[in-house]
Amino acid sequence: QVQLVESGGGLVQAGDSLRLSCAASGRTYAMGWFRQAAGKDRELVTAITWSGGARYYADSVKGRFTISRDNAKNTVYLQMNSLKSEDTAVYYCAARIIATIGLSINDYKYWGQGTQVTVSS
């Protein structure tokens, strides 16, 4: 069993930056960041393979968000720049049990509790 703990959320203004962190209690494989806005379905924002050699980004965040990981620290990061009001959501970290990227919620076995990101315009 792997526990994931997100941190770094908060209230910012449009155009600002935030960095989210996700610390895992053990070794993880492919990781993803999802988000869920009020009244909407949870959606995949970005994902990364275990090696970090491949990344996926949703079109809505390409060029603004960057996912990275430090396997020595069992930690994944999400750098969010040029934030927009539509980025407001609860952000969840998720982990797979295999090394390749998954694009579906069902591909991920472990989930964090979520961290709120609110962007005011």
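Couple of notes before you dig in:
- So GLY26, is it buried (at least 22 other Cβ atoms within 10 Å of the Cβ) and within 18 Å of GLU6 (Cβ to Cβ): no
- Given (1) of a type in the set (Lys, Arg); (2) farther than 14 Å from ARG19 by Cα; (3) open to solvent by less than 80 Å² (accessible area, probe 1.4 Å), number of the condition LYS40 does not satisfy: (3)
- Only one of the listed residues (ALA24, ALA54, ALA47, ALA38) is modelled with pLDDT of 95 or more and over 15 Å from TYR92 (Cα atoms). That residue is ALA54.
- Count of residues meeting criterion [open to solvent by 80 Å² or more (accessible area, probe 1.4 Å) and under 12 Å from ILE67 (Cα atoms)] in the range 1-23: 1
- Hits in the range 56-89 - residues which are basic (Lys, Arg), surrounded by 13 or more Cβ atoms within 10 Å (Cβ to Cβ) and without any contact (Cβ under 8 Å) to a residue 40 or more places away in the chain: ARG64, ARG69
- Test: ALA94 is crowded, with 20+ Cβ neighbours inside 10 Å and in contact (Cβ under 8 Å) with a residue 60 or more places away in the chain: yes
- The condition of being modelled with pLDDT of 95 or more, among the aliphatic types (A, V, I, L, M) and over 17 Å from GLY9 (Cα atoms) holds for only one of ILE97, ILE67, ILE105, that being ILE105.
- Flag if GLY15 is outside any strand (DSSP E or B) and modelled with pLDDT of 95 or more: yes
Residue-wise test of (1) closer than 23 Å to SER121 by Cα; (2) of a type outside the set (Val, Ile, Thr); (3) assigned to a loop (DSSP other than H, G, I, E, B).
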| position | (1), (2), (3) |
| --- | --- |
| PHE34 | yes, yes, no |
| GLY39 | yes, yes, yes |
| SER82 | yes, yes, yes |
| ILE98 | no, no, yes |
| ILE101 | no, no, yes |
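- A count restricted to the range 38-65 and to residues that are among the acidic types (Asp, Glu) and over 17 Å from GLY114 (Cβ atoms) stands at 1.
The values are calculated or read from the model by the stated rules, or taken from the named source; none is laboratory data. A quick note: this is a predicted structure, and the numbers were derived from the prediction, not measured. No Cβ is skipped: glycine too gets one built from the backbone with ideal geometry, and neighbour counts run over all protein chains shown. Side chains are part of the model used for accessible areas, which takes the heavy atoms of the whole protein and leaves out ligands, DNA and RNA. Shrake-Rupley method; radii C 1.70, N 1.55, O 1.52, S 1.80 Å.
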